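Just below is one structure, and these are the notes that go with it.
Every number in this text was worked out from the coordinates using simple rules, so none of it is lab data. Nothing here was measured: the structure is a model prediction, and the numbers come from that model.
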Amino acid sequence: RELINDLNVDEAAELVALAWVGRGDYEASEWIEAVAAARERANKRTAKYLLGLPQLADWLEEGLEAIGA
């Protein structure tokens, strides 16, 4: 949790967007839109939100694969 809380707004938004791409909420081609949406919703509860996602690790991995990272 502390690691996520230490991210700046842009880094946190990209992490949330990556989870969303991995979950299928956005396509890799919609990366900019996903990051913008995550940035709009950014708040002090981002770590709690991310850590509450039941398949976070899988979604992050799938998101990375989708964007070619």
Cα-based helix-to-principal-axis angle, 31-40 vs the chain, degrees rounded to 10: 20
5 Å-binned pair-distance histogram of the chain (Cα, whole percent): 4, 20, 31, 26, 16, 3, 0
